[in-house]
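Coordinate-derived values only; no laboratory data. Remember, predicted model here, so these are calculated numbers, not experimental data. Every residue, glycine among them, receives a Cβ derived from its backbone with ideal geometry; neighbour counts consider all protein chains shown.
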Amino acid sequence: MEIRDENFRVWAENECVYFDGVLRLAGPDAYSPIYSLAASLLHEDHARVIFDLTGLEFLNSSGINLLAKLTIEARKKPEIQLVIKATTQYPWQSKSLPNLKKLYSGLDLQLA
């Protein structure tokens, strides 16, 4: 499945959800299709789920809230390892994403 517009693309392949571009959606309701896509992987039979944010140049506060909700959802499924791949190339990632570890200590945040 894929969700896209002129500024961003979010798609799933196997156990990985890829985020690419600039995500500035209007609010939590606008992010609900992306939440559904990502959360569906957490409810499938995967040992590990990866959110690859390395291509995501910008994410607004509603989008960061989306990641927080998905992290909390993963915390409810301790049999699934949640991995978030990020990059220091975009300062918002190294500033905001480590806070997700406060929500779920089992989160594997790979910031390179």
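Each residue of segment 28-37 was assigned a 3J(HN,Hα) from its phi angle through the Karplus curve 6.51 cos²θ - 1.76 cosθ + 1.60 (θ = phi - 60°); the sequence is x, 5, 5, 8, 4, x, 5, 4, 4, 4 Hz, with glycine and proline shown as x. For Trp11 and Ala47, a Förster radius of 30 Å and the Cβ-Cβ distance give a FRET efficiency of 0.90, rounded to the nearest 0.05. In the chain, the C-alpha radius of gyration followed by the widest Cα-Cα span (Dmax) gives 12.7, 36 angstrom. The antiparallel fraction among DSSP beta bridges confined to the chain stands at about 35%.
Our coupling estimate for segment 60-66, obtained by passing each phi through the Karplus curve with A = 6.51, B = -1.76, C = 1.60 and θ = phi - 60°, is 7, 4, 5, x, 5, 4, 4 Hz, Gly and Pro reported as x.
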